[in-house]
1. Hey, can you tell me all the residues within segment 71-84 that are touching a residue at least 24 places away in the same chain (Cβ under 8 Å) and surrounded by fewer than 15 Cβ atoms within 10 Å (Cβ to Cβ)?
2. Filter segment 28-39 for residues that are assigned to a helix (DSSP H, G or I) and loosely packed, with under 13 Cβ neighbours inside 10 Å; which is farthest from the chain's Cα centre (by Cα)?
3. So which residues in segment 50-66 are in a helix (DSSP H, G or I) and over 20 Å from residue 36 (Cβ atoms)?
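Nothing in this text is a laboratory measurement; each read-out follows from the coordinates by a stated rule. If you're wondering where the values come from, they're calculated on a predicted model, not measured in any experiment. In this analysis, Cβ positions are derived from the backbone assuming ideal geometry, glycine residues included, and neighbour counts consider all displayed protein chains.
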């Protein structure tokens with residue numbers, strides 16, 4: 001069965017989750033943006049220079065591979081964020097229900113657990 005990335009591995013984050021977070025941090029950095037600019041510049045230079053078709057394929061394949069990796073990272077980050085928001089909403093709803101039921105101590109505990117959940121994912 002395929003499970004949501006945030007539900008895999010229990011409370012501890014697995015190797016893939018740590019790698020995906022590292023990748024997300026890297027791809028949002030100025031260094032990675034500069035690398036992408038260089039890659040696009042190389043792609044354009046290969047075409048403008050009229051190099052052989054082999055070089056054009058290499059440049060295009062590099063850009064395609066990078067695009068596929070970025071798409072996978074983006075989807076993973078989206079799913080983790082979506083799951084964290086849903087867990088917080090569930091915790092807030094539970095806390096409100098407990099609060100309205102007169103169980104304020106339990107409501108406060110639910111709210112405490114909801115704060116910072118995205119750091120666990």
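1. Once the filter is applied, which keeps residues that are touching a residue at least 24 places away in the same chain (Cβ under 8 Å) and surrounded by fewer than 15 Cβ atoms within 10 Å (Cβ to Cβ), segment 71-84 yields only 81.
2. This residue is 38.
3. Selection gives 53, 54.
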